[in-house]
Each structure stands twice: as structure tokens, then as C-alpha cells.
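Each value in this text was obtained by applying a stated rule to the coordinates, not by laboratory testing. In this text, all values refer to a predicted model and were calculated from it rather than measured experimentally. For neighbour counting, all protein chains shown are included, and Cβ atoms are generated from backbone atoms with ideal geometry for every residue, glycine included.
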């Protein structure tokens, strides 16, 4: 038996990029990655949540998108060299509800921390 390390830190905070991906892909439209990323970047900048530089954000968004594809929440259609992504409606509803609950929990903890600090 291995002993668990006493030093562990787990925090499950809302993920802004995945939230935006789910919001955009919940529409019935299909997107290539470049226009999809431009919409996500614009939305994140409006929320003042875009940080780390555009290239790093592009890499993180692509990684999150591929994670959604592997989960089965997004369908990828390849036609020649063109890849289009479209959300699976039933999975998007579940992901949106899960993220909404996670965001509410995080906000509740932040309010509790602020109240405790005063």
C-alpha cells in the first residue's frame, strides 16, 4: 500500500474556455476552428476573461475542443482538409447544466469567503 501524499490541492473552478465552447457549440451551426476561436476570443474579452496571450489561448481552446470531441459532446466532420465541429444537443444540455451548477457553487464559496473575511 502506498501512502497518500499529505500535500494535495484540488480545486475545481469553472473553466471559462469550456463554458464559451459549450455556449457557442450549443447552437445548431457547425464551425471550423478558426471562426469558432474568433467567437470564443471575442466572448472571453467581453467577460474580461482572456488572459495569457492569444496563441496560448488558441492552444488551450483547441485542447478543450478535442477533449469535448473525445467525450462525444462534439462531432467532428472532416471533408478533405476542412474540419468542422458541431455540438451534440443532448450532451450540450448536460454540460451546460453541469457548468452552471459548478459556477453557482464557486460563486457561493467566494461569497462565504468574503463574509468570513469581514
The chain: angle of helix 16-25 to the longest principal axis, Cα-based, in degrees nearest 10: 40 degrees
FRET efficiency, residue 29 to residue 70 (Cβ-Cβ, R0 22 Å, nearest 0.05): 0.55
Based on the Cβ-Cβ distance of residue 114 and residue 81, what FRET efficiency does E = 1/(1 + (r/R0)^6) give at R0 = 41 Å, to the nearest 0.05? 0.20
To the nearest 10 degrees, the tilt of helix 54-71 (Cα long axis) against the first principal axis of the alpha carbons of the chain is 80 degrees
Contour minus Cα-Cα span, residue 47 to residue 104, at 0.36 nm per residue, comes to 18.9 nm
Report relative contact order for the chain in percent, whole number only (criteria: Cα-Cα under 8 Å, sequence separation at least 6). 33 percent
If you work out Kirkwood radius over Cα pairs in Å from the coordinates, which of (1) 16.2; (2) 15.6; (3) 14.3 do you get? (1)
